[in-house]
Each structure stands twice: as C-alpha cells, then as structure tokens.
Amino acid sequence: MDAGLNLFTGNRLEVLAMALSKVLEAPTGSPLEEDVVVLQSQGMARWLSLALSRNNGICANVRWRFPNAFLQDMFALAVPDLADTRRFDAKTAAWKIMGALPGWVTQSVFAPVAHFLGGDGDALKRYQISELLADTLDQYLTYRPDMIEEWERGEGDDFQAVLYRTLLEDLGFRHRVHLMKDFKEWVRTSGNSNGKIPERVCVFGISSLPEFHMELFTALSEVCQVNLFLLNPCPQYWGDILSDSEKRRLKEKQGLEQEEDDTLLMEGGNPLLASMGGQGREFFDMMAERGLEEFPLFVEPDGETLLGAVQADIFNLQDRSRGGGEPYALDPSDTSLTIHSCHSPLREVEVLRDAMLAMMDEDPDLKPSDILVMAPDINTYAPVIEAVFSRRVEGGIRIPFSIADQANRSGDRAVEALLLLLDLSGFRFEAGGVLELLENDRIRQAFAMEEGDLERVSGWIRETAVRWGVDGSQREAEGFSPFDGNSWKAGFDRLFTGYAVGDEELALYDGILPAGPVEGEHGALLGKLAWFLDSLTAYVKGLEQSRSAEEWVAFFDRVLETFLTDDEGAGEGLQGIRDCLYRMGDAAGEAENEDSVEFSVVRFILKTALAAPDPVSGFITSGVTFCAMLPMRSIPFRVIAILGMGHGTFPRQQKAPGFDLIAASPRRGDRSRRKDDRYLFLEILLSVRETLWVSYTGQSIRDNSTLQPSVLLSELLDYVDGVTRGAASEQILVTHPLHPFSSTYFQPGHPRLFTYDAASRRVAARMAEVPVSPPPFARLSDPDDELELPEALTLESLEAFFAHPCRYFLREGLGLELGGVEEAPESCEPFTLSGLDRYRAGTLLFEEALSGEAPEKSLGVVSGMGLLPRGEVGAHLLRELTREAGAVADAIAALVAGGDPLLERQWVEIAGVAVAGEVGPFFGENLVAGRFGKVRSQDLISAWLRLLVAAKAGMPVARAVVVGLDRKTGRAEVVSMVVPPNPGACLEDLIRLFAAGNGALLPLFPLASEAYARELAKSRDEGKAMAKASSAFYGNEFSMMADLNDPWIRMAVRGRDPLTEPAFARCAERLFRPMLEATE
C-alpha cells in the first residue's frame, strides 16, 4: 500500500462515506490489523459505522479515534515510556498555578493577574484565573507552538512567558510540542521499521484541523497512507471570496469609498458561502498550499426546491440574489425551507411535533430516524421535548425520540442529589429546604425512608412549628440570637418527649411540650429523621472547613456513602460522580498541591464537571434524535430541524480573556466559536436532503412584541428574497399564535398553520361557540318536594350536615373528597400569630381556664407550642390571648354557677324518623356551649339541634346559650335561644331539609343563608336581604370571607347561580327563622 497524503473532497457526506468504504475494502498487509479512522465526535462515529455497514455489509476491525487521542497514540510510538512521562495537563497546571499565585502576584510582572484577583484572597477567584491561564497555555501548545519554543529559549518577558517557564521548571512536564518534534524525528530516522504505525489512516468529516495536527499527518504520510475525507461546499476554488463585512473592512483599510465597485477587490461569490464559510475557507486554503493529490467527489444539487436552489447556488459559487442567474420561481406548496416564529420554547416544540406528523402523513416512507433536531442550548429544550414528545396524540400515536448531549447524566437522581448537597454551604436548615432534600429518592432511601413518610414528617414539622436552624448554637454562628425556639432541636425535643410519654394529658415535661403521640412504626421513622438531620448537620458543618484536594475527595467519598444509595439504579451516576472527584484529586496530586482550599473551589470544579455534556448517549437511535449544535456534526438527514435560533443565541459568543495572545494576534486556522457556529450552520444547510425546518422565539410571551431571529436566519431570509426576486420570506416565515388552541389553526386560508392535537381542537371549538354557562354540576333539590325520609338519624349526622350542607352532599352523597392544598413550611420564626395559630393557642388557654387549671400551666403549654414570637411581642400576644380566653371562660362560669354538666343520650321519633344522640352539656335548665372565637352559624345550629331533641325528649330545658369571643371588643359574646313552643315541628322541618340535601344540591350556605335570614328578620325587605346574601356569597372588596371561596361550595354550585333559585330563600328561612325568633 503506497504511502502518501490523499485528499477526497465532496459536498455530500454519504458520497465520501462510500469512498471510504472502498478504501477500507482494500486489504492491508495483515488481516488482523485495525483500520484507524479519525473523526471529531461520537455521533459521527455512530453514523459512519452504520454507513460502512450498509456499503460493505459489515463494519468491523475499525478503531475510531478523536484527533487529540490519535496524536497521543502516535506520540506513544515515538516515546515508548510516554505513559510514565509527566505530560502537560491543563487541570494539573491549574492546581499548580493556584498554589503558586499568592507568591507570584507580589512580583511586578504578574500585575495583570493581581489586578484580576483584586487582593481579596478569594480562593474560588484564584482557582478560576488559574484554570483560565492553564487552558490558555494549552491552546498555545496547539495554535502557537512557535511561541512556546521561543519561550523555552528564554525569549519573552510577558507574565505568561514567565509563568510557562516556571511551570516547566517546577513540573518538568513534556507537552505536545516536544512530542511532535520527537515523533517527526522518529519517523525521519526509523520510518516504520517496527511496523507499529498503521498501514493506513483515514480522517473523516472534520471541518477544520489546526496546522499542528496537519504536521503530524504530513509526517505520517511519509511512511503510511493517510486519506482525508473532507466536506467541501463547492468544487470550485473559493478561497478568495469575501463577505460583505470583509469587503467593508478591506475598503476602509485601502481608503476606498464604500460605494465603489466591489470588482476593485476580490470576487464576492455566493454571499452565504462568503459569510458563513470563513472557517472552511481558511482550512481548504491550508490544504491547497500542501499540494495534496485531490479526488473530487461532488454531486450537484438538483435545485428543484427552494432549499435545493440555495444549495445549488452555493455549489456553483453563484449569487442569484444580485442578478447572477435566473430567479427561482417559488412554488406556493414548497416546504423545503420554513422558519417558524413562536412565543416560547414550549410552543416551538409543539409546532415542531405537528410539523413532523404532517411530514410523515405526506410521506409514509419518512421514518423518525430520518429526522434530526438540533438546538444551540439542548439543556434548555430537553425538559420541554420530554413533556411534548412523551405525550400521545389522538389515535395513540407517539413519535419515538432520544435526547443526546445533555449535561453529564442529566436526570440521574444520584447526580441531582449531589447537586442539591453542593448548594448547602451556609444552609440555614429551613424546614422546606430539609423536606426538599428528602424528596430526592436517592437521599431518602439512604436513610431507609419511603415516599409516604414525607407526609408524616411534614405533619411533624407543622405540629412542632419547626422553622429553621439546628439549634441555638448554630443560629449564633449565623449571627443571630442563640435561641432554640422553632429550631430542629426544639422540634425533636417535643417529638421524642411525645414518644416517651405516649398519649397522656397535655402538660410540660421538664419544660417540653410533648408532640404526637409518636407511636409504633412512627417511632422508627422519627429515629430515621433524627439520623438524617444529624448526618446533614455534620455535612454542612464539614463544608465550613478548608481541606486539601485529597482530603476533599475522602470527605465526599464519605458523603456519598452516607447520603446516596449505592443500588443497581444509582451505580452509573455514582460512578460518574466518583470519577469527577478522583480526577480532581489526581490533578492536584500531580501538581503537588497540598494547600487547603475552601469548599467553593470544590463545588465549582464538581458542578462544572457534572454540567459537561455526556458524549455517548442518545445519538442516532431508532427514533428522532435531538442533540446540541456542535461543530463537525454535518451528518446528512432527510429532515433537519433547528430549535432556538433567536438573536444572540446563535452564533454563540465566546469572549477571550484580555491576556489571550491568540485573540490579540489572530492567524489563519485559529479556532473561533463564532466562526465555528457560522460554518456549522452552513454545513447543516448543505446536509439537509429534503426539508430544513427552523424555529425561534420571535414574539414576546409578555406583550407579543417582535423579537429578532439569529443573524444567520436574517442572512438566509435576505438571500432567498433576492433569489426569488420577491417576498419569499413572507411564505417561508410562519408566525404562530400564542396558544396551540388558537382558532387560527382551524380556519381556512392558513395552510401553514395546523395542529394534530385533538385536545387543542376541542378547546378551540368550545371557544368558538356562543358563551353559555357550564352545565350544572349537581341536581337541585327543593325541600317542598315529596321526599323519602330516612328511618333513623344520628344527631351527629344532622350537625355535620347543617355545618356545611354542600360538603356533606359531595362527601356523603356523592363520595367525593377534595384534597387540600398543603402550604409550604415557614422558613423563619414567627413574628406574629396567624388566624389559625391564634385559634389553636387561644382554645388551649380557654379550655384550661374553663377547667380551673392554674394559669401558669396553660401559659407554659402555649409557649411550648412554638407559635408565639419571641420577646415582648410574644409576651404581649400571650397576655392578650389569656385575657380573651378568660373573658369567654368567665362568661361560661357565670352561666353554669359551679354546677356539674349533664350529658344524656336521648332518642326521639319525628315523622317516623328515629333521631338519637348525646345532648348537653346542661347546667340546670340551660344547655351551655362555648368556643374561643366568633359565634358561627354552625355553632348556633348545633346547640339548637341539641336543644330541640332534649325538649322533644321531655327533658326539663329552657334555653341554649352559646358563648364566643367578640374580637373587636375582646369581650365575651353570648347568644341565648329559648325552647320554641313546637320543638317537634321545628325538628321535623330540619329533618326534611336534611333529606332534601343528602342526595342533591340544597341551596343552603353557611354565610349567605344566615345573612339573608337575619336581614329579612331585621328589615322585612327581601331586596336588602338578597343584597346581604349576595355580598356574603360572592364577597366584596372589603372582605375575603365569602361562601364561593370555599372549594366544596364552588364545586357544588358550578353551572348555577344558586341565589336566584326560589328554594334559596325558603331554605334560609326554614333553617334560621325559628332560631332567630327564639333568640333572646
């Protein structure tokens, strides 16, 4: 096999792959020798292996290598002991620089670095500048080897030259510039006498290579066959074409007017190729200078579609946008190139899914694997892609897909757990933050807890009023007062005391109020929770210390063992985390850096490593491939879609540091993120075989204002307008509505606006209908209808019904249960009392005062509940609560006059219905009830029902007295109702109301019905009564208290205006009128 350097160029990657297949078909000297193929990405290796399999029937005995890895392979041949040789490594250099920086910055030559550090001694900033310097030196080794050699000869007094020479002396490393010299000398002197160099090496699909790498391939071609298979947009020489911006700069440099003829300069050629092809132009210029034997393998695009016409213009170096040829006649049905403007990433992905379904409808041969979707920032779009493409459309259709290039092990619960733990420096141990950690299943399982345990833990947090802080000492370390209240220590003290004393009376034990009781398996859960919090406390405290890198690795090894389960599902993620840790430790060890560093440095290193894209997952599977827009991924697909092509997102900017000597004096072949991205877009444009679909966020989701697309899309739109001599952009640019259910998608006259989403179609259809009230949720009941009364009733059932008729109907009649919304735990200690906490504390004080207990006991219990603010504010609230509770208790004491309460179980029969229940408590002839709070309608109804049953049963009763609290005055509120003359008739009426509302909606509401009845009794004016009822039912600007704010009522009356129902007034009067008439 002849040695030499051969160049295969073409504009279609599949044609180049066929040429590679033929090259690999030729046998080598040894049938066991591997063929080496050098390429740039795992995705390209995957595609090429499939292409070779199709072409040759099999793809075997091929070793895929990336350029830098291949360089190391070749260097190892020239330097047998390379594995034992210390080589330059950017991470190692960063640790070495970091350790030496404090001493270096005192020298005047390092003034620029000292200026960046600012003299604040921030360890993280010191590591970041060290890493930046090391990475920059690493770039010099590839792109400025001549400068490195000058520095090694002692030339240059720039701080980077001094830094490099110091590193070289301290670390004694060898780098690729040294190794390249050794390799070239080895090839020159020994050739391939030992037969270790492959007989042939193929380089495939690489868009650009540094001059440094080309030197190696050139040297290698002296002893083996080197074949370069490169994608070239144009078969003609295009190294002298200039973009418009380059022409402007050249005119300015030569002192020409901008209006002067461009022919005074160089050829313009195709403007898209000139603007986007800068990187490729430089690369092929470099190839041309080497005088390689070239094998052109070009296929001219057919130019039958708009996309094909653009590709043909680039191929022919033609500019039809400025009169260079016949204009293209755009067919209205041409969808080969479309650009879609949406309101958000979510809408972009929704529109894309509809577009894919339409394409596969039109072409049954189009498979999901024929579609590639790219995005500049795949991590932003990945959750949206998962959400949209995991959903099935009507008919159960789901497009298979995979997402590549996400952050390292994105979605891995072990990695997510570590990221949570890495953010805990300075953690205040807020109750919500601790619960968030336990919501991660890896952390929770490490402490033998289950998902169902979280509800119990959350309940304990609410009961014990845990807000934040481990204990007083931890708060003091944070700069706060050293108090234990509302801390985890206070919460655990209460919970463990509750576990110890069990279900005993409410009292303080050694100054601690028990919580719970905590019994049975909940005791084991409490132990696990304490274990978790102890471990978490030790971890957070450990983050405050500075350690060497080696010690940090050991520390996090223990952290992983403690906080993450090492089961089968977590193995890959855990191993990835450990790999990141060990690489950090190895780099610091190689640099001989044993300095203690702060946790912020370790967090930065680990987070950066875990955010790196996973290079091997999800590319080219059986479904649609979603991936990042990475250079040198010009793989042909029938359909290519690009998401997120908004202004400023692509081409991406990469600002070089001010000391970067490459950026200061650029040369041909230097890498540039902006040039890479421009050339990548050009390669994508050429790699599409049928359809290019592009989207961007072009309308603001806030105000619908216009947002600009990427400059590359603007250039493309300008070009197609010129090619068609018209407004082609109006046809290919599709502006989408904000919502997928917009009526525009379903109206004629918008052929490019459509959706396959059946749910959106139904919503749009409903919105297009004349607005009507929703159908009533429940059948309305009328108590005047003939009703089937129950045979028996308990007094408790009657009380529960009249306390909340709608809730009783939905729960008992229909079997529905509405889940409540659980509020997130508070994150700071109380500074006032919420309404609910005020009621809880006040009720306790009231009950203790009523029982005659010493006030000191109840005051201690309330304080132990953890509801009161600290200091004088809490003391003032406690005095106020004590006074109010005492006022209610005193009012009740005056009524009962020291008598003993009488509670009796009674049974009465009314209209054939047996009613049974416990009535009382009676003190003499009076039924007395009380509560710490406003007297509510349900309190009055409950006392009224018990009074009626007692009277009907023949008990010697005279009245029912309900005592509550008037918050405005702080005094007791007393309502007294006497026994009516006809208690049986009143009770029968209530039973009929119950029967009417047990199986259907009875228009009876706690606030509105009472407001109507009271106003009617007061003014005898039905209009005023209805106005009061409406205000109580719907609410007003002065009050949030309204029946309709209750979710039970809101569901029950859906589709109705219950106050307009005639039964509303009748029900209110039948319930409240007898009570009001009996009120003294």
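The values are calculated or read from the model by the stated rules, or taken from the named source; none is laboratory data. Just so it is clear, the model here is predicted, and its values are computed rather than measured. Cβ coordinates were reconstructed from backbone atoms using ideal geometry, including for glycine residues, and neighbour counts include every protein chain displayed.
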Practice problem: Given the conditions (1) touching a helix residue (DSSP H, G or I) at 6+ places or on another chain (Cβ under 9 Å); (2) over 17 Å from Ser458 (Cα atoms); (3) among the small types (Gly, Ala, Ser); (4) free of Cβ contacts under 8 Å to residues at least 60 places away in the same chain, report the number of the one that Ala530 does not fulfil. | Solution: (2)
Quiz item: Is it true that some residue in region 133-151 is in a loop (DSSP other than H, G, I, E, B), among the small types (Gly, Ala, Ser) and closer than 24 Å to Phe110 by Cβ?
Solution: no
Quiz item: Does region 31-53 hold any residues that are assigned to a loop (DSSP other than H, G, I, E, B) and either under 23 Å from Met214 (Cα atoms) or without any contact (Cβ under 8 Å) to a residue 60 or more places away in the chain (or both), and which are they?
Solution: Pro31, Leu32, Glu34, Leu39, Gln40, Ser41
Quiz item: What about Phe777, is it aromatic (Phe, Trp, Tyr), under 19 Å from Asp354 (Cα atoms) and outside the structural domain of Leu273 (by TED's automatic domain parsing)?
Solution: no
Self-check item: Among the candidates Asp240, Asp244, residue that is at pLDDT below 90, farther than 30 Å from Ala100 by Cβ and under 42 Å from the mean Cα position of the chain (by Cα)
Solution: Asp244
Self-check item: Given (1) farther than 30 Å from Ala123 by Cβ; (2) modelled with pLDDT of 95 or more; (3) in a helix (DSSP H, G or I), index of the condition Val602 fails
Solution: (1)
Self-check item: For Asp157: the one exception among (1) out of contact with any Gly (no Cβ under 9 Å at 6 or more places or on another chain); (2) surrounded by fewer than 20 Cβ atoms within 10 Å (Cβ to Cβ); (3) assigned to a loop (DSSP other than H, G, I, E, B); (4) in contact (Cβ under 8 Å) with a residue 60 or more places away in the chain
Solution: (4)
Quiz item: crowded, with 22+ Cβ neighbours inside 10 Å and either in the same structural domain as Leu564 (by TED's automatic domain parsing) or in a helix (DSSP H, G or I) (or both), is that true of Phe483?
Solution: no
Quiz item: If a residue has to be surrounded by fewer than 16 Cβ atoms within 10 Å (Cβ to Cβ), among the hydrophobic types (A, V, I, L, M, F, W, C) and free of Cβ contacts under 8 Å to residues at least 40 places away in the same chain to count, how many in region 764-803 make the cut?
Solution: 5
Exercise. Could you grab me the full set of residues in region 947-968 that are under 15 Å from Pro1074 (Cα atoms) and in a strand (DSSP E or B)?
Key: Arg959, Ala960
Exercise. Among the helices (runs of 4 or more DSSP H) lying completely within region 502-591, list those that include at least 2 residues that are of a type in the set (Ser, Thr, Tyr) and out of contact with any strand residue (DSSP E or B) (no Cβ under 7 Å at 6 or more places or on another chain).
Key: 521-542
Quiz item: So is Gly964 modelled with pLDDT under 90 and not hydroxyl-bearing (Ser, Thr, Tyr) or not?
Solution: no
Quiz item: Taking Phe173 and the conditions (1) within 16 Å of Phe88 (Cα to Cα); (2) more than 48 Å from the chain's Cα centre (by Cα); (3) not acidic (Asp, Glu), which numbered condition does it fall short on, given that it satisfies the others?
Solution: (2)
Quiz item: In this structure, is Ile701 within 27 Å of Leu738 (Cα to Cα) and assigned to a loop (DSSP other than H, G, I, E, B)?
Solution: yes
Quiz item: Mind checking which residues of region 736-761 are surrounded by 12 or more Cβ atoms within 10 Å (Cβ to Cβ) and outside any loop (DSSP other than H, G, I, E, B)?
Solution: Ser743, Thr744, Tyr745, Phe746, Ala759, Ser760, Arg761
Exercise. Could you please tell me which pairs satisfy a Cβ distance under 9 Å, a separation of 6+ or placement on different chains, a first residue in region 580-594 that is surrounded by fewer than 17 Cβ atoms within 10 Å (Cβ to Cβ), and a second residue that is polar (S, T, N, Q) and not in a helix (DSSP H, G or I)?
Key: Glu594/Ser548
Quiz item: So Leu209 clears everything in (1) in a helix (DSSP H, G or I); (2) within 46 Å of the chain's Cα centre (by Cα) except one condition, right? Which one?
Solution: (1)
Quiz item: Quick one: which of Glu476, Glu505 is in the same structural domain as Leu424 (by TED's automatic domain parsing), more than 25 Å from Asp837 (Cα to Cα) and modelled with pLDDT under 90?
Solution: Glu476
Quiz item: In the set Ala656, Ala727, which member is aliphatic (A, V, I, L, M), free of Cβ contacts under 8 Å to residues at least 24 places away in the same chain and under 27 Å from Asp138 (Cβ atoms)?
Solution: Ala656
Exercise. For region 322-330, indicate whether the set of residues that are in contact (Cβ under 8 Å) with a residue 60 or more places away in the chain and in a helix (DSSP H, G or I) is non-empty.
Key: yes
Self-check item: Subset of region 475-515 (residues that are of a type in the set (A, V, I, L, M), under 17 Å from Arg428 (Cβ atoms) and free of Cβ contacts under 8 Å to residues at least 40 places away in the same chain)
Solution: Ala477
Self-check item: Residue in region 996-1004 that is touching a strand residue (DSSP E or B) at 6+ places or on another chain (Cβ under 6 Å) and either assigned to a strand (DSSP E or B) or at pLDDT below 90 (or both) present
Solution: yes
Self-check item: Residue check for Arg603: within 25 Å of Glu436 (Cβ to Cβ) and assigned by TED's automatic domain parsing to the domain that holds Trp531
Solution: yes
